[in-house]
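**Student:** Shown below is the structure under consideration.
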Amino acid sequence: MGFSSFSSRLPSLYLVVIFLIGSSLVSANFYDEFDITWGDGRGKIINGDLLTLSLDKTSGSGFESRNEYMYGKIDMQLKLVPGNSAGTVTAYYLSSKGSNWDEIDFEFLGNLSGDPYTLHTNVFSQGKGNREQQFHLWFDPTADFHTYSILWNPKHIVFSVDGTPIREFKNAESIGVPFPKDQPMRIHSSLWNADDWATRGGLVKTDWTQAPFTASYRNFKADACVVTSGKSSCSGSASSGSNPGWLSEDLDNTKQERLRWAQKNYMIYNYCSDSKRFPQGFPPECSMA
């Protein structure tokens with residue numbers, strides 16, 4: 001199915017108002033916020049307000065935030081690899097270190113020209129993941145920049161695209177499910193070759209005649225608790241009046257409706273409905289979905 005048929009399914013109201021409310025025109029300087037961590041020059045920061053990652057047959061590239069965060073509301077605009085991007089993966093995620101790490105993932109799986117990208121999401125807590133949900137998008141993510149957001153607070157993790165929530169992972173510690181809450185995480189992104197699995201299960205390989213492949217980033221914004229020397233920039237409890245509103249933010253009725261719309265129309269895989277994978281019963285957090 002092509003992008004034109006996808007976009008025709010998006011209500012016109014969303015085309016007008018998605019992410020206009022609450023968006024910011026002020027973005028951070030990439031020189032101040034990020035370091036290019038690998039790629040031998042394939043990652044570049046341009047004038048402080050644009051960052052690009054490239055992949056060729058020799059190497060991909062990646063970057064990492066200078067700050068560590070313990071909860072946050074984080075936005076980044078991405079424009080994905082255009083054309084035949086089969087075999088490539090653009091990963092954008094939060095992650096801690098160590099063998100029992102926490103992680104919150106956006107991964108964009110490349111495609112043959114004209115096919116939709118697959119947006120892959122996952123949540124790891126204490127080293128355990130296997131919580132995949134996948135989506136197609138209602139627009140061509142290579143034609144322009146779009147905003148991909150993570151809200152992470154003690155109540156839940158919410159993945160959003162242009163202000164529309166597509167996934168909510170609730171804190172289910174009450175039923176024994178670990179939740180990312182103790183380990184500060186850095187923002188990471190990488191562009192790399194994964195043609196052994198990324199496109200149609202590895203059936204479609206990377207066409208290196210199309211290289212270099214390039215993804216672009218701009219308008220980074222982090223309303224977040226920054227951890228420095230073990231201390232958070234946010235004080236008191238989540239309900240404290242001295243803390244930002246996002247630290248206790250829930251999905252209001254409008255956002256819950258958008259979430260249902262996105263999942264009904266664009267979710268293509270949900271581990272919580274994969275009975276072949278979980279023949280003995282779904283993971284306990286699925287009861288809270």
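Here, each number is a calculation from the coordinates, and none is a lab measurement. Please read these numbers as outputs of a predicted model, since none were measured by experiment. All Cβ positions, glycine included, derive from the backbone under ideal geometry; neighbour counts span all protein chains shown.
**Student:** Evaluate E = 1/(1 + (r/R0)^6) for Glu173 and Leu112, where r is the Cβ-Cβ distance and R0 equals 45 Å; express this FRET efficiency to the nearest 0.05.
**Tutor:** 0.60
**Student:** Next question. Mean residue ellipticity at 222 nm from the helices of the chain, using -39,500 (n - 2.57) per DSSP H segment of n ≥ 4 over the full residue count, to the nearest 500 deg cm²/dmol?
**Tutor:** Theoretical 222 nm ellipticity from helices: -2500 deg cm²/dmol.
**Student:** Another question, then. Rounded to the nearest Å, what's the spacing between the alpha carbon centres of the stretch 65-89 and the stretch 267-289? Just the number, please.
**Tutor:** 26 Å
**Student:** Run the quick spin-label model on Thr254 and Trp197: label points 7 Å from Cα toward the beta carbon, then report their separation in nm to one decimal.
**Tutor:** 3.9 nm
**Student:** With a Förster radius of 30 Å, plug the Cβ-Cβ distance of Lys264 and Gln210 into 1/(1 + (r/R0)^6) and report the FRET value to the nearest 0.05.
**Tutor:** Once rounded, the FRET efficiency stands at 0.30.
**Student:** Using a 7 Å offset from the Cα along the Cα-to-Cβ direction at both Thr58 and Tyr31, what is the distance between the two label points in nm, to one decimal?
**Tutor:** Result: 2.7 nm between the two label points.
**Student:** Identify which of the listed values of Rg/Rh (Cα atoms, Kirkwood Rh) was calculated from the structure shown: (1) 1.06; (2) 1.09; (3) 0.94.
**Tutor:** Working out Rg/Rh (Cα atoms, Kirkwood Rh) from the coordinates points to (3).
**Student:** Another question about this same structure. Mind giving me the FRET efficiency for Leu50 and Ser229? R0 is 35 Å, r the Cβ-Cβ distance, nearest 0.05 is fine. Kindly include the intermediate steps, with their values, before the conclusion.
**Tutor:** Working: r = 31 Å, r/R0 = 0.90.
The computed FRET efficiency comes out at 0.65.
**Student:** Where a Cα-Cα gap under 29 Å defines reach, which lysines qualify for Lys44, not counting those fewer than 8 residues away within the same chain?
**Tutor:** Lys57, Lys73, Lys79, Lys97, Lys205, Lys221
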